[in-house]
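Asks: Have a look at this one before I ask anything.
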Amino acid sequence: MANWDEELDASGLNCPLPILRAKKALAGLGSGKVLHIIATDPGSVKDFEAFAKQTGNALLESKEEGGKFHFLIKKA
């Protein structure tokens, strides 16, 4: 995984909480900064793809590792 500026652990949270927490975390980051999100909800894969498209932020990486989902989102 690439480097990131801030990490958000949303493990154990179900939709829509990982997205809401990510939105709040991104609001506190400057443009071009990268947020690493860890989630356990399988639905978060499609949720974060849609979230990135709707907000204009770039989904740099999405992967599953050991039952956890990892996302890198770069703030527009």
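The values are calculated or read from the model by the stated rules, or taken from the named source; none is laboratory data. Source: prediction; values computed, not measured. Don't worry about glycine lacking a Cβ; one is built from the backbone with ideal geometry, like all the others, and counts go over all protein chains shown. Note: areas computed on protein heavy atoms with side chains; ligands, DNA, RNA excluded. Shrake-Rupley method; radii C 1.70, N 1.55, O 1.52, S 1.80 Å.
Asks: Glu49 is checked against (1) free of Cβ contacts under 8 Å to residues at least 12 places away in the same chain; (2) within 11 Å of the chain's Cα centre (by Cα) and fails just one. What number does that condition carry?
Replies: If we test Glu49 against (1) free of Cβ contacts under 8 Å to residues at least 12 places away in the same chain; (2) within 11 Å of the chain's Cα centre (by Cα), just (1) comes out false.
Asks: If I filter the range 50-64 for residues that are touching a Pro at 6+ places or on another chain (Cβ under 9 Å) and not in a helix (DSSP H, G or I), do I get at least one hit?
Replies: yes
Asks: So which residues in the range 2-19 are closer than 13 Å to Phe71 by Cα and part of a helix (DSSP H, G or I)?
Replies: Once the filter is applied, which keeps residues that are closer than 13 Å to Phe71 by Cα and part of a helix (DSSP H, G or I), the range 2-19 yields Pro18, Ile19.
Asks: Please specify each residue of the range 20-44 satisfying the condition of being in a helix (DSSP H, G or I), of a type outside the set (Lys, Arg) and either out of contact with any strand residue (DSSP E or B) (no Cβ under 8 Å at 6 or more places or on another chain) or loosely packed, with under 15 Cβ neighbours inside 10 Å (or both).
Replies: Leu20, Ala27
Asks: Starting from the range 1-21, take each residue that is over 17 Å from Ala58 (Cβ atoms) and list its partners that are open to solvent by 60 Å² or more (accessible area, probe 1.4 Å) and not in a loop (DSSP other than H, G, I, E, B), counting only C-beta distances under 8 angstrom and pairs at least six apart or across chains.
Replies: Ala10/Leu17; Ala10/Arg21; Ser11/Lys68; Leu13/Arg21
Asks: Also: Checking Asp9 against (1) open to solvent by 60 Å² or more (accessible area, probe 1.4 Å); (2) modelled with pLDDT under 95, which single condition isn't satisfied?
Replies: (2)
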